[in-house]
1. Could you let me know the centre-to-centre spacing of segment 303-381 and segment 158-180, using Cα atoms, in angstrom?
2. Can you spot the lysines whose alpha carbon is less than 17 Å from Lys319's alpha carbon? Ignore those fewer than 8 places along the same chain.
3. How big is the charge dipole of the chain about its Cα centre, in debye rounded to the nearest 20, if each Lys and Arg gets +1 on its Cβ and each Asp and Glu gets -1 on its Cβ?
4. With 10 angstrom as the radius, rank Arg459, Arg424 by how many other C-beta atoms surround their C-beta, starting from the fewest.
5. If the viscosity is 1.306 mPa s and the temperature 10 °C, what Stokes-Einstein diffusion coefficient in µm²/s follows for segment 218-348 when Rh is the Kirkwood radius over Cα pairs?
6. For segment 324-462, rounded, prolate or oblate, judged on the Cα gyration tensor with a ≥ b ≥ c (square roots of eigenvalues), a/c < 1.5 rounded, else prolate if a/b > b/c?
7. Ranked from highest to lowest mean number of other Cβ atoms within 10 Å per residue, what is the order of the peptides 361-372, 15-26, 110-121?
8. Which residues' amide hydrogens lie under 5 Å from the amide hydrogen of Arg459, considering only partners 5 or more residues apart or on another chain, with H built in the peptide plane?
Amino acid sequence: MPVGIDDMAIYVPKLYIDSKDFAIARGIDPHKLEFGIGIYKMAMVDTNQDPACMAANACLKLMQKNDLKPQDIGRMYVATESALDESKAMNSFVIGMLEQIYGDGSFEHAGGIECKFACVSGSYALYDNANWIRAEENNDRAAIVIVSDIAKYDLGSAGEYTQGAGAIAMLVKENPRLVIFDPKVTSTIIKNEYDFYRPFGRETPLVNGNYSNYLYLIQVKKAFDSYREKAIKTKLIQLQEDESITDKIDYISVHLPYRKMGEKALAYLLRHEWRCLPRWKQIIEEVGMDEPTPKDPRGTIESILADKDFMKADETFRKAFMRTSFFKQVFEQKMASSLEASAIIGNLYTGSMYMGLRSLLEFEYKKNIDLENKRIGFGSYGSGSSAMVFSGVIQSTYKEIVKDMNLEREIGERSKLDMQEYIRLHSNEGKMNEPILNSNNEFVLVKIGGNTDYNAGLREYVFSN
Ligand code: HMG
């Protein structure tokens, strides 16, 4: 049964920090943020916003745009790593908000959970819901998967310039108009790791930055190896001797903690895929040096990162590889459009790859490229750590949805924060009832908790218009 994403809606908070202002305030070269990280604007939440109201706002847009009634929805999953409660799932908050519009009890027939595995959990949520429909447990109803997060790092840390916030709601159903997931090829990898984690009680994560970058590359590559095996075995993709599976995938959309990470992931994957092919000889000629190997190629990630000579030579090789005509052509054709949104929003954790998909569709359509039947390969990564690689094919009906996509219009007019306001917001010094912006036509948080054991932590939201 063909199942996949029928439509998607986004919610991005309207406050942002400009990367130049930020760089100057932190004494960093602005070029580092623009070119080394690939960030221009990072979205920030106001004092009266949280991940649940962003999720509800994205979901309401999706429902209104498609004229969906609660009865059309059988499941609602929210994937997030910005949980609000140790027990109460974020989708229950979202349903509470939506029922203010659709009526008390209007979602009672539905089900769903909150999913957690850092940034990859949205992909698991999509996979599980697609399978729920394939198993025909859905009683003709669709599922909604929402990914919603606030990426917040310590002030003054290296992670601070990879912040962002936002939510995406995706409608998952049979015969979808946008993308059908390829069956029987979804591949995962999992390992207990501490590259990035947020112990109970902490608002910001503990991050081993370079380790996390490297682990991301390795885990996605491993999941991709498993995807390749399945794709060949199921005959989804057939390869000639001099072909790589990346030749057969029209677009590559990966997790985007920051724009540049997408480029690095593509370079890592292509090096891995092309190394054994006849074209590698020409590539090496263009690169102008042999590909370095670590002292202990079978060593651990730590031992490879500690091999300073190798790391330095490998960085030189990678940068030269990324300047080759081979890389540039694939990058422009298969990835560049998916990175546009990341540069002006920042990290959305669970939502990053899906904002990338949204960006890919909009900006490729604007180039007048025919997207029908194009295959997208997804490389989803979550710290901790797990990667999921899967693929899907764009449907002939995509134009119905994509023609109206306009990131700037959908985000709406944005307001730049000065550094003082940013630090005040970051330090949670702002009051919920004194937001920086006036909210319009959206859910906002108006109260948290009372004074008794029975209502402590209780969150109240209203639809402000
Ligand atoms: P850093 O210390 O800024 O790194 O940390 P850097 O000093 O290596 O600089 C980054 C790049 O800027 C380098 O380019 C420099 O050369 C370049 P590259 O070698 O990578 O191509 N650069 C300049 N470019 C132009 N002009 C200049 C200049 N100076 C330097 N003047 C890091 C960067 C990403 C590690 C840090 O921001 C961080 O820790 N971020 C948070 C963790 C993170 O995002 N990790 C990504 C992988 S893990 C993941 O994606 C999962 C995650 O989303 C969480 C989840 O799953 O839930 C994080």
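1. Computed from Cα coordinates, the inter-centre distance equals 16 Å.
2. Lys32, Lys260, Lys264, Lys308, Lys328
3. 880
4. Arg424, Arg459
5. It comes out at roughly 99 µm²/s.
6. It comes out prolate by the Cα gyration axes.
7. 110-121, 15-26, 361-372
8. Gly449
No lab work stands behind these numbers, since they all come straight from the coordinates. Keep in mind that this is a model prediction, so the values were computed, not measured. No Cβ is skipped: glycine too gets one built from the backbone with ideal geometry, and neighbour counts run over all protein chains shown.
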